[in-house]
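Take a look at the structure below.
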Amino acid sequence: MSLLLTTLLEGSQHHSAYRADEGFEIRPLEGHESEFNDLARLIVNTTGPFAAFPRGGPLGRYDCVHIIPTDTAKFADAISRLPRETND
């Protein structure tokens, strides 16, 4: 498994992960928008076994990154355990 994807799926003090129709999304935790923005930029500039689609939010920062692993079967179990985001 890709270490970056595994880390993103687990969440952190800066972001939470949610199941999406295809892959998963990460979103900033309140008060950590700047750190999340840095993480989103890192993901966007990283070549890996995934496609990343960032979404811009207020103040020119990213507020979400939708991540679709290239090999979805490899990550299906971990993604299926994530909660679904209910308020888009």
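What follows is calculated from the coordinates using simple rules that are stated; it is not laboratory data. Owing to the predicted nature of the structure, the values given are computational and were not obtained by experimental measurement. Positions of Cβ are generated from backbone atoms using ideal geometry, with glycine treated the same way; all protein chains shown enter the neighbour counts.
Taken over segment 44-88, residues that are under 14 Å from the mean Cα position of the chain (by Cα), touching a residue at least 24 places away in the same chain (Cβ under 8 Å) and either within 15 Å of S16 (Cα to Cα) or in a loop (DSSP other than H, G, I, E, B) (or both) amount to 15. Only residues that are surrounded by 18 or more Cβ atoms within 10 Å (Cβ to Cβ) and either of a type outside the set (S, T, N, Q) or free of Cβ contacts under 8 Å to residues at least 24 places away in the same chain (or both) were counted in segment 34-43, giving 4.
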